[in-house]
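Peer 1: Here it is, the structure, as structure tokens.
The values are calculated or read from the model by the stated rules, or taken from the named source; none is laboratory data. Predicted model only: the values in this text are computed from it and were never measured. All Cβ positions, glycine included, derive from the backbone under ideal geometry; neighbour counts span all protein chains shown. These area figures cover heavy atoms from the full protein model, side chains too; ligands, DNA and RNA do not enter into them. Shrake-Rupley method; radii C 1.70, N 1.55, O 1.52, S 1.80 Å.
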Amino acid sequence: MEFSALLTSAGINIAVCVLFLSLYSVLRKQPHNFSVYFGRRLAEEKFQRQDDYFSFERLLPTAGWIVKAYWCTEEEIRQVAGLDSVVFLRLFIFSIRIFSITSLVCIFFVLPVNYHGKEMTHNCIPADSLNVFTIVNIIEESRKLWVHCSALYVITISACILLYHEYKYISRKRLAHVTGSPPNPGHFTVLARSIPRSDNELLDDTIRNFFVNYHGSSYLSHQMIFLKGYFQKFVDRAERAYRKFVRVRFSVSERNGRSNMSRCGVCGVRASSFQLYRNKFIEAKKADLTNPEVVEAQKNCPGALVFFKTRYAAVVASRVLQSSNPMLWVTDLAPEPRDVYWSNLWIPYRQIWLRKLATLAASVVFMFVFIIPVAFVQSMMQVEQLKRMFPSLTGILNKSFFARVITGYLPSVTLLLSLYTVPPLMMLFSSIEGSISRSGRKRSACLKILFFNIWNVFFVNVLSGSVLNQLNVFSRPKDMPTMLAELVPKQATFFITYVLTSGWASLCSEILQVYNLVYNFFSRFICCCHQNTEYVYSFPYHTEVPKILLFNLLGFTFSIMAPLILPFLLVYFCLGYLVYRNQILNVYYPKYEMGGKLWPIMHNTIVFSLVLTQVIAIGVFTIKHSPVAGGFTILLLIGTVLFNEYCRHRFTRIFDAYSAQDVIELDRDDEQSGRMQEIHQHLLDAYSQTPPGEGSSRGGSQVPIELIMEDPAQEASESSQELCDTVQEVSEAHDHDHIVEDKAHSV
């Protein structure tokens, strides 16, 4: 590809970015788009709606949103969106810092060395091939390779220093998050699965007897989990209908000086009849083993939530084996109530390892099947291949402008569109695995998409020159450094255009919220649906984190091979930092918290990128017959691996487990302040969303509240009746307001 084709692709993407950002600054001011661009603030009822009046100011693009996003402090972001958003933005901060250093070193030192590597007469820069800007242009046994080796040392040492400080900083933030957050029910709760059945006693009694016998001093109570069947679909639909009236009803209650909405003490979620699952027959027919209703309910119990009096007791119980048979009485620390993935709790524990193997095999198969569209994308970069594949396009391809657009822009766009099928499929695989938490499912999907991107976007595109190259990776692994050294610089042009399309353009698409904007337009102006639809989603970490880590990998691997990619990456990270700060503050709502557990994934991937860069550099120095530079790079590789091992032993366990020191001090503070009794009172209601005082008894012999519906017909009647009452109350309040206004006008 010529440099002019790269400029064409850059010009198209810059025009798209300017257009989208200008449209966003105008569309966000329109009142009918508030639900699209301020979903989080509307969900928290902290956004004051403006009157729908016409103003020329709303039609002028402004940059006020950039200023607001930039000057918002990190603590404000943590309070609004949680620790995960802070960790995500710290990844951008690290990327901006390291690639600022890398760009300075490589643009001013490595790039001129590459350009003048061979004694040749250069044409004007737009007519030059991009290969003259890569390490391919360096002759063999050249002393100039020491510039590349020195630059690699500067980049690696700077990256390790920055990574260490980020890991240390985020570790402190996580410890402060654990010790400074309000009491979390998940810290007192253990999920027990694979519970052995007995014909002589109820499963409820089996659970109680086991934990009283072996954890008697710390056991508080337990809550059994039952399958709710198909009726849950009705409940979900009714709950969605109910939520449409919650905001109006709450505002009516505030005007009338009263509130009928009760709150759950620990989790702070409003309770409604659609969320109350009562179990009346356990109290009445607790010892009746002949009752078929009781027996059937016991058979459908996949596990139980066991509550402990202290955090330390729950952590210990979740870590130790409860039985000499590891497949029985399996315990894990329960997620927080809003993070529980209820539909996966019914999966038998014995199936989980099979499900993981099956999803792993399916993911690998999908990765290899995806080689076909990647190979097609690579064929689009060669004009001669396109002429052979599509003879009818020969006339168009003979024109230089259209050839530059097709070979420089369309391949990366085609790959980007095909990659949109990956996240939903990987999320499905992660759901099938059997994760008990929504955050765990998202982390699993994040890892799958990350591996997919590294293999299919990077390795397959690099090795897609021929099928023999792909097979040689497995047949001759010792030759992989030299093979990558030969092939990676040749693909620099494709990855530069990929950064432009998948990076710059995707950021503009993200901030414009194209799908929600189009849906909102059709629902309001085409379908004439004037109800306020709120687009409240949790942040898509599973798609955005792998994308940013892939760009980090591209930046490191091409830093000394083809430094021309670095300015485009730096612009992407700077623009992405502002865009995602704005989206976190206004659009995405934190439905659950992962506690910063994504940072170890980020750290390990960045270290892998450094190691891969060094391996490719060793191959380059071997091809260029510079063994001394290769030897120094091997020492750098060993130092990088040792650095990663130190960070793993120093920081990683902070993200995997809670320390006894922290949880014991929290327990002591709660006991000394008298909060522990209040926590115990609200603990049983946290996972069933039951208002305090209903459906449970406090005392030594507590009766568990269980997730079950005894009478679906009665529950449906009560739910429908409450919904009707809500509609009637809202209508009466609305009529009352009109009567007051009419009287005021008459006076």
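Peer 1: All but one of (1) in contact with a helix residue (DSSP H, G or I) (Cβ under 6 Å, 6 or more places away or on another chain); (2) open to solvent by 40 Å² or more (accessible area, probe 1.4 Å); (3) modelled with pLDDT of 90 or more hold for I77; which doesn't?
Peer 2: (2)
Peer 1: Also, I was wondering about something else. Test of understanding: among S538, S523, S509, which residue is among the small types (G, A, S), assigned to a helix (DSSP H, G or I), touching a residue at least 40 places away in the same chain (Cβ under 8 Å) and surrounded by fewer than 21 Cβ atoms within 10 Å (Cβ to Cβ)?
Peer 2: Going through S538, S523, S509 in turn, just one is among the small types (G, A, S), assigned to a helix (DSSP H, G or I), touching a residue at least 40 places away in the same chain (Cβ under 8 Å) and surrounded by fewer than 21 Cβ atoms within 10 Å (Cβ to Cβ): S509.
Peer 1: Can you pull out the residues in segment 143-185 that are outside any helix (DSSP H, G or I) and over 27 Å from L684 (Cα atoms)?
Peer 2: R143, K144
Peer 1: Go through V607, V571 for me and flag whichever is of a type in the set (V, I, T), over 17 Å from the mean Cα position of the chain (by Cα) and open to solvent by 30 Å² or more (accessible area, probe 1.4 Å).
Peer 2: When all the criteria are applied, what remains is V571.
Peer 1: Could you count how many residues in segment 317-371 are surrounded by 18 or more Cβ atoms within 10 Å (Cβ to Cβ), more than 20 Å from G303 (Cα to Cα) and at pLDDT 90 or above?
Peer 2: The number of residues fulfilling the criteria is 2.
Peer 1: One residue is enough: does segment 463-476 have a residue meeting the conditions charged (D, E, K, R) and either modelled with pLDDT of 85 or more or in a helix (DSSP H, G or I) (or both)?
Peer 2: Looking through segment 463-476, none of the residues is charged (D, E, K, R) and either modelled with pLDDT of 85 or more or in a helix (DSSP H, G or I) (or both).
Peer 1: Separate question: Residues in segment 197-210: is at least one more than 35 Å from the chain's Cα centre (by Cα), of a type in the set (G, A, S) and open to solvent by 30 Å² or more (accessible area, probe 1.4 Å)?
Peer 2: yes
Peer 1: Picking from V405, V377, which residue would you name as being under 17 Å from N461 (Cα atoms) and either among the aliphatic types (A, V, I, L, M) or modelled with pLDDT of 85 or more (or both)?
Peer 2: Going through V405, V377 in turn, the sole match is V377.
Peer 1: So if I check each of T690, T726, T633, which one is of a type in the set (S, T, Y) and at pLDDT 85 or above?
Peer 2: T633
Peer 1: For segment 1-20, does any single residue satisfy the condition of being of a type in the set (D, E, K, R), at pLDDT below 75 and surrounded by fewer than 19 Cβ atoms within 10 Å (Cβ to Cβ)?
Peer 2: no
Peer 1: How many of the residues in segment 589-604 are open to solvent by 20 Å² or more (accessible area, probe 1.4 Å) and assigned to a loop (DSSP other than H, G, I, E, B)?
Peer 2: 6
Peer 1: If K118 satisfies all but one of (1) among the basic types (K, R); (2) in a helix (DSSP H, G or I); (3) open to solvent by 70 Å² or more (accessible area, probe 1.4 Å), what's the number of the condition it fails?
Peer 2: Failed condition: (2).
Peer 1: Could you list, in sequence order, the residues of segment 625-649 that are assigned to a helix (DSSP H, G or I), in contact (Cβ under 8 Å) with a residue 40 or more places away in the chain and open to solvent by 80 Å² or more (accessible area, probe 1.4 Å)?
Peer 2: F632
Peer 1: Kindly establish whether L569 is at pLDDT 90 or above, part of a helix (DSSP H, G or I) and more than 22 Å from L450 (Cα to Cα).
Peer 2: no
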